[in-house]
Amino acid sequence: MDPLPALGLTLLLISFLGIRFRVPPIFNLIGGAIFLGILIGMPANELITVITSGLGRVFALFALIILSGAIIASTLEEQGYIERIVEDIRNFSGNPFTLSGLSGYLLALPVACSVTAFIILTPVVKGIGRSEYQRRMLLFCVAIGSLISFSLVYPAPAVIPLVQSLAPDLPPVWYDALAIPLSLVLLAGVVVVYRKWFQCREHPGDASGTCDESAPSDVSRAERSFRPYAPFIAILLAIPVGLALGLSHGALIQVIMLAGAVTALAMAAPDARIGGLQRGTKHAGIIIFGLC
């Protein structure tokens with residue numbers, strides 16, 4: 001069969017199996033690869049070789065990035081710093097829909113996974129909503145916000161191979177100069193739609209637009225510190241150092257993510273360090289295998 005319609009049939013199959021029967025992504029995607037190879041007439045030995053080599057290439061490119069991101073996220077979560085970060089975002093906007101979408105958008109980048117960002121933010125966002133329906137709408141905003149940045153902004157794992165393959169000579173900063181504004185515009189549109197949708201459902205006669213505002217943050221100045229942001233600061237500071245050492249873009253991403261993970265572990269209390277490392281490693285394994 002021609003590769004293009006074969007790919008279309010494969011996408012339909014894995015979508016059906018994942019949605020209808022909830023087949024685990026790892027087995028669903030590997031089964032989809034085998035199904036595609038059979039459709040296009042690839043010999044069995046070559047098919048298995050191609051699948052395993054594909055797994056290996058993706059692992060080599062993303063393993064350290066995703067492991068570092070998962071460790072950063074788990075270590076921050078162990079210390080309650082995710083709630084602190086969300087509180088700081090709330091000071092920027094009291095609207096819970098903006099807060100939820102922006103939190104997902106921002107967190108998905110340093111943790112290198114939209115799924116990880118959603119899981120971490122779910123209990124925090126649920127505490128913002130005033131009703132079960134609003135909580136559900138806010139979680140949709142978190143999910144879509146994390147997917148937007150994960151799918152469009154460099155150096156998200158979903159974007160790296162696209163930029164390297166389609167525009168290898170384009171500096172990532174020039175790509176993000178276009179991708180970040182466009183992605184934020186898209187996120188703003190999603191937030192507006194969900195907010196209006198919620199108002200029409202819960203407050204059909206209210207045109208004021210203030211019924212779903214969150215209460216202002218009451219986190220005292222004494223409680224604030226740079227610790228929740230230390231891994232992200234380390235990532236930013238490692239960029240000029242890596243460039244000065246002459247690292248390629250691929251190597252630079254590995255180094256700066258590792259710097260963030262080391263900083264998160266170094267500044268954490270012993271219990272949070274052990275818990276964050278164990279949970280982060282376990283979660284990273286699930287993400288890496290699914291991505292491969």
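Taking packing as the residue-averaged number of other Cβ atoms within 10 angstrom, the listed peptides 238-244, 34-40 run from highest to lowest as 34-40, 238-244. Subtracting the Cα-Cα distance of Val58 and Ala269 from their residue separation scaled by 0.36 nm leaves 72.7 nm.
Classify the chain from the C-alpha gyration tensor, please: rounded if a/c falls under 1.5, else prolate or oblate depending on whether a/b exceeds b/c. Oblate is the answer for the chain, as a/c is 1.5 or above yet b/c matches or exceeds a/b.
For the peptides 101-111, 187-197, 282-292, the ranking by mean Cβ contacts within 10 Å, running from highest to lowest, is 101-111, 282-292, 187-197. Set the Förster distance to 51 Å, then compute FRET efficiency between Asp88 and Leu7 from the Cβ-Cβ distance, nearest 0.05. With a Förster radius of 51 Å, E is 0.70.
Seen against the Cα atoms of the chain and their longest principal axis, helix 96-108 is set at about 40 degrees. Helix 44-78 and the longest principal axis of the Cα set of the chain meet at an angle near 20°. Here the chain is treated with +1 on each Lys and Arg Cβ and -1 on each Asp and Glu Cβ, and its dipole about the Cα centre works out to around 380 debye. Tell me which of Pro123, Ile160, Thr98 sits at the most positive position along the dipole axis of the chain, charges placed on C-beta atoms (Lys, Arg +1; Asp, Glu -1). Projecting each Cα onto the dipole axis, the largest value belongs to Pro123. Once the Cα-Cα distance is subtracted from the 0.36 nm per residue extended length, the Val262 to Ala244 segment shows a gain of 4.4 nm. Dipole of region 57-291 computed with +1 at Lys/Arg Cβ and -1 at Asp/Glu Cβ about the Cα centre; of Val173, Val262, Val193, farthest Cα towards the positive end is Val262.
FRET efficiency for Lys282 and Cys200, Cβ-Cβ distance as r, R0 = 41 Å, nearest 0.05? Please report the intermediate quantities before stating the final value.
On the way: r = 42 Å, r/R0 = 1.02.
After rounding to 0.05, the efficiency reads 0.50.
Annotation for Leu236 and Val192: the two label points, set 7 Å from Cα along the Cα-Cβ direction, are 2.9 nm apart. Projecting label points 7 angstrom from Cα along Cα→Cβ for Phe35 and Leu178 puts them 3.5 nm apart.
Any idea what angle helix 270-291 forms with the longest principal axis of the chain, computed on alpha-carbon atoms, 0 to 90 degrees, nearest 10? Once rounded, one gets 50 degrees. Considering only Thr263, Thr122, Thr49, the mean-square fluctuation computed in a Gaussian network model of the chain, springs between alpha carbons under 10 angstrom, is largest for Thr49.
Rule-based calculations on the coordinates, nothing more; no lab input. In this text, all values refer to a predicted model and were calculated from it rather than measured experimentally. Cβ sites come from the backbone with ideal geometry, for glycine too, and all protein chains shown count toward neighbours.
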